[in-house]
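First the structure, in the form of structure tokens, and then the observations on it.
The values are calculated or read from the model by the stated rules, or taken from the named source; none is laboratory data. For clarity, every value in this text was computed on a predicted model and none was experimentally measured. Reconstructed Cβ throughout: ideal geometry from the backbone, glycine too, with neighbour counts over all protein chains shown. When the accessible area is computed, the model is the full protein with side chains, heavy atoms only, and any ligands, DNA or RNA have been set aside. Shrake-Rupley method; radii C 1.70, N 1.55, O 1.52, S 1.80 Å.
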Amino acid sequence: MQITKLSRKNIQALTPYQSARRLGGRGDVWLNANEYPTSPDFDLLTRQFNRYPEAQPAAVIDGYAQYAGVDSQNVLVSRGGDESIELIIRAFCEADDSVLYCPPTYGMYGVSAETCGVAVKTVPLTADFQLDLPEIARHLDGVKVVFVCSPNNPTGGLIKRPDLLELLQMTAGRAIVVVDEAYIEFCPTVTMVNELGNFPHLAIIRTLSKAFALAGLRCGFTLASPELIGILQKVIAPYPLPVPVSDIAAQALAPQGIATMQARVAKLNALRADLQKNLAKLPLVEQIFASEANYLLVKFKDGQKVFQALWDQGIILRNQHTALSLANCVRITVGTADENRRVVQAISAMS
């Protein structure tokens with residue numbers, strides 16, 4: 001007997017999310033996962049590991065609430081933002097419900113829905129990577145959760161705030177709207193947090209993986225109304241955060257940790273501007289899309305050739321050629337000044 005045949009039918013047909021680590025590669029310049037290029041340094045303050053951790057560690061919840069400008073009852077901490085995506089689907093979707101998202105965007109929305117056995121509807125972004133609100137309205141029947149990423153991954157651009165507000169208005173009483181703000185620290189003034197009180201069906205996903213430079217920690221957050229948070233607490237694992245994770249997360253969310261993160265963001269935004277300027281000079285580059293995140297989406301004359309040539313040199317980027325509307329596009333995470341220089345030099349040498 002093949003064990004595969006015992007698995008659920010939707011799992012047999014599932015194509016797993018192709019994470020940066022799953023795709024592999026051998027290199028010394030890793031610019032394919034939107035990680036911060038260097039690691040912060042923390043020492044554990046808590047060294048008692050024989051007890052189970054708090055279900056929702058108070059120091060982490062309170063620290064993030066203060067940082068985000070919300071009450072502690074508006075915060076749920078999870079194993080990265082990815083767990084939040086799945087929690088929302090599990091908590092709100094029946095077997096005959098659907099999840100809707102707008103490609104090109106983050107692939108885990110679809111993978112998580114399919115893993116849970118929930119149908120997926122997609123409404124592509126417009127040519128300028130904005131929401132197609134009339135089409136979304138036409139496809140809302142049976143939709144219980146709508147995912148929107150802003151700044152969007154992999155395009156880097158923002159979804160217009162008036163469009164997000166219109167989406168929230170058209171889904172009131174019908175569906176949960178999830179705004180994924182994984183990259184919001186790079187453009188903090190555009191957050192939707194101040195709309196939580198106006199829209200009880202709004203949920204916002206945050207993470208420590210990007211600007212906080214803690215992707216290896218796997219610590220994310222959901223910001224929402226107390227009622228919505230209470231529903232998610234029914235389905236989250238009893239001990240989602242290991243003690244060392246909550247220890248480091250609490251330190252990162254202390255005033256000094258926040259100040260360090262903000263200095264890190266300012267430095268990276270400057271590096272992004274410099275990288276964009278230098279890429280724009282290269283003859284192989286057709287277009288660089290506006291970005292408010294820690295990466296650039298670049299369209300080349302032959303994106304696959306560029307991607308493979310740099311891969312062979314140990315410069316690992318993210319190929320977006322097969323994503324909707326992104327033929328010949330490559331996503332480049334902003335690295336150190338030296339790493340960015342190596343990228344530009346390697347592409348320039350191909351001209």
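Return a yes/no flag: does region 272-283 have any residue that is over 27 Å from E195 (Cβ atoms) and among the acidic types (D, E).
For region 272-283, residues over 27 Å from E195 (Cβ atoms) and among the acidic types (D, E): present.
I'd like to verify a number: residues in region 55-65 that are in contact (Cβ under 8 Å) with a residue 24 or more places away in the chain and either open to solvent by 30 Å² or more (accessible area, probe 1.4 Å) or of a type in the set (V, I, T) (or both), how many?
Step one: list which residues in region 55-65 are in contact (Cβ under 8 Å) with a residue 24 or more places away in the chain, which gives 55-57, 59-60, 63-64.
If we keep only those that are either open to solvent by 30 Å² or more (accessible area, probe 1.4 Å) or of a type in the set (V, I, T) (or both) as well, we get 55-56, 59-60.
Here the count works out to 4.
Taking the condition of being touching a residue at least 60 places away in the same chain (Cβ under 8 Å), in a helix (DSSP H, G or I) and touching a strand residue (DSSP E or B) at 6+ places or on another chain (Cβ under 7 Å), how many residues in region 153-199 meet it?
Residues that pass the stated criteria total 1.
Any idea which residue in region 1-51 is modelled with the highest pLDDT, counting only those that are within 23 Å of the chain's Cα centre (by Cα), loosely packed, with under 11 Cβ neighbours inside 10 Å and of a type in the set (S, T, N, Q)?
Taking the candidates together, the pick is T38.
Of everything in region 173-208, what is open to solvent by 10 Å² or more (accessible area, probe 1.4 Å), within 15 Å of the chain's Cα centre (by Cα) and among the small types (G, A, S)? Give them in sequence order.
Within region 173-208, just A182 meets the criteria.
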